[in-house]
1. Being buried (at least 23 other Cβ atoms within 10 Å of the Cβ) and over 21 Å from residue 196 (Cβ atoms) narrows it down to one residue among 112, 151; which is it?
2. Farther than 13 Å from residue 279 by Cα, of a type outside the set (A, V, I, L, M, F, W, C), modelled with pLDDT of 90 or more and not assigned by TED's automatic domain parsing to the domain that holds residue 217: does that describe residue 325?
3. When you scan the stretch 319-345, how many residues do you find that are at negative phi and either in a loop (DSSP other than H, G, I, E, B) or touching a Pro at 6+ places or on another chain (Cβ under 9 Å) (or both)?
4. Can we say residue 263 is among the acidic types (Asp, Glu), modelled with pLDDT of 95 or more and surrounded by fewer than 23 Cβ atoms within 10 Å (Cβ to Cβ)?
5. With 223, 269, 228, 331 as the choices, which residue is crowded, with 23+ Cβ neighbours inside 10 Å and either within 28 Å of residue 387 (Cα to Cα) or in the same structural domain as residue 211 (by TED's automatic domain parsing) (or both)?
6. Please tell me if residue 251 is buried (at least 20 other Cβ atoms within 10 Å of the Cβ), in contact with a Pro (Cβ under 7 Å, 6 or more places away or on another chain) and either modelled with pLDDT of 95 or more or assigned by TED's automatic domain parsing to the domain that holds residue 209 (or both).
7. Can you name every one of the helices (runs of 4 or more DSSP H) wholly within the stretch 167-273 that holds 1 or more residues which are in contact with a helix residue (DSSP H, G or I) (Cβ under 8 Å, 6 or more places away or on another chain) and of a type in the set (Ser, Thr, Tyr)?
Amino acid sequence: MRVELVNKFLDDRGGDTTAVHLLRGWLQERGHEVFLFGTWPPTPPGASGTAGMTAAADRPHAGAASGAGEFPDADLFPAPLPPNGAPLSRAAALYRISAGAALARAVERRRPDVLHFHNIHYHLSGAIVAAARQHGVPVVWTLHDVNLFCPNISGCRDGRPCMECHVSRFHRCVAFNCRGDLAASVAAAAEAYLFRALGLWRDIARFIAPSRFTRLLLETHGVGPERVALVEPALDLARFAAPPEGGGGFLYLGRLSPEKGVEVLIEAVGRLPRTRLQVAGDGPLRPALERLAEERAPGRVKFLGRLSREEAARALACCEALVLPSVCLEVAPLALLEAAAAARAVVASRVGGVPEWVDDGETGLLVPCAEVEPLAEALAALADSPQRARRLGEQARERARRRYDPAVHCDTLEGVYRRAAAR
């Protein structure tokens with residue numbers, strides 16, 4: 001088949017982009033012709049390619065032999081909803097005509113059998129759904145987060161999980177000013193309402209839910225079970241095949257933003273005088289988190305910055321356990337799968353789809369969301385018993401070997417593609 005993978009970003013910046021590039025490789029190995037469509041960050045003057053940002057000369061372009069497809073620069077679809085952006089810019093972000101036109105050109109040239117959407121909100125918008133409809137190309141859409149149901153993207157408000165906008169009560173985003181800027185909250189709610197008003201939900205042949213939690217959200221919003229396919233994510237376990245090393249304390253791996261609950265984790269570490277933590281990732285909260293770490297746990301929290309996939313794998317191999325203290329509605333966090341592949345136990349918030357990936361007491365420990373004391377107790381339990389942490393990690397890897405097989409993942413996806421194309 002000819003498959004076009006669509007994601008708003010194509011540089012290596014998060015779990016969704018990692019999933020897109022892994023899937024592309026797996027599908028190509030199975031003989032499919034695979035294209036990519038999305039945005040690529042502008043290259044700074046003099047840059048020759050760095051982690052997460054590739055020089056223009058190194059990027060595959062439309063018609064390239066690699067079959068990679070479109071890489072429009074991000075400045076063609078600028079980041080929407082800037083805190084102080086002009087009203088006209090905010091309005092344009094709700095429905096990016098330029099993105100729809102770019103996808104239409106790509107579809108006309110490559111004639112894919114199916115379009116596989118991933119994260120599209122704001123940067124690509126519902127305009128690309130309309131473009132697919134106009135060209136008669138079936139769309140399947142993997143939901144990597146709860147953005148379709150929550151204008152604030154994360155399903156988080158004031159440091160706690162929030163479902164106020166369910167079902168289709170997107171005005172709550174404005175009432176609570178969930179984006180932290182009233183104009184941005186209005187624009188986010190308007191984008192969600194516009195998507196519904198234009199009937200773009202009906203143009204999705206199949207929604208792909210990575211977790212039962214996501215499938216339930218879709219059904220709650222009126223999407224019939226015949227249009228929802230449960231397709232759990234997959235990983236190449238060979239990337240994590242090195243013998244476990246351990247000894248590096250606890251590890252957080254992810255974005256440093258309010259919905260991730262890292263401040264709760266640092267507070268918990270502060271209560272455990274001998275516990276060390278490594279924080280891998282970057283984001284808007286990093287300066288504040290560094291100050292908090294110096295106050296609560298001086299000398300015991302190390303910030304590693306943003307890591308490449310290979311560096312993240314090495315960090316996992318060196319830690320005692322991964323910690324996921326999220327205070328948002330996580331769907332299927334890639335970090336949990338990677339920890340299991342690396343034979344590492346997990347301490348995670350019991351929120352969203354997380355309990356589907358962590359068996360409490362078997363492959364890790366689940367704790368109440370946004371509560372410091374239970375998190376500190378769970379960390380202490382593993383720190384005081386390295387043997388238990390290793391046992392949980394080994395059981396997690398055995399489960400991963402059975403559950404995250406790319407061949408099974410692609411078999412299921414191919415069935416979804418065939419049914420969508422025959423619709």
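The values are calculated or read from the model by the stated rules, or taken from the named source; none is laboratory data. Computed from a predicted structure; not experimentally measured. A quick note on method: Cβ atoms are made from the backbone with ideal geometry, for glycine too, and the neighbour counts reach across all protein chains shown.
1. Details: 151 fails: over 21 Å from residue 196 (Cβ atoms).
112 is the lone residue from the list that is buried (at least 23 other Cβ atoms within 10 Å of the Cβ) and over 21 Å from residue 196 (Cβ atoms).
2. On the way: farther than 13 Å from residue 279 by Cα: no; of a type outside the set (A, V, I, L, M, F, W, C): yes; modelled with pLDDT of 90 or more: yes; not assigned by TED's automatic domain parsing to the domain that holds residue 217: yes.
Here the answer is no, as residue 325 does not meet what is asked.
3. 16
4. yes
5. Answer to the check: 269.
6. Judged against the criteria, residue 251 is not a match.
7. Values: elements: 172-175, 182-197, 212-220, 262-270.
Output list reads 182-197.
A quick yes/no check of all residues on (1) hydroxyl-bearing (Ser, Thr, Tyr); (2) touching a residue at least 24 places away in the same chain (Cβ under 8 Å):
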{"residue": "143", "(1), (2)": "no, yes"}
{"residue": "146", "(1), (2)": "no, yes"}
{"residue": "161", "(1), (2)": "no, yes"}
{"residue": "168", "(1), (2)": "yes, yes"}
{"residue": "174", "(1), (2)": "no, no"}
{"residue": "196", "(1), (2)": "no, yes"}
{"residue": "202", "(1), (2)": "no, no"}
{"residue": "209", "(1), (2)": "no, yes"}
{"residue": "237", "(1), (2)": "no, yes"}
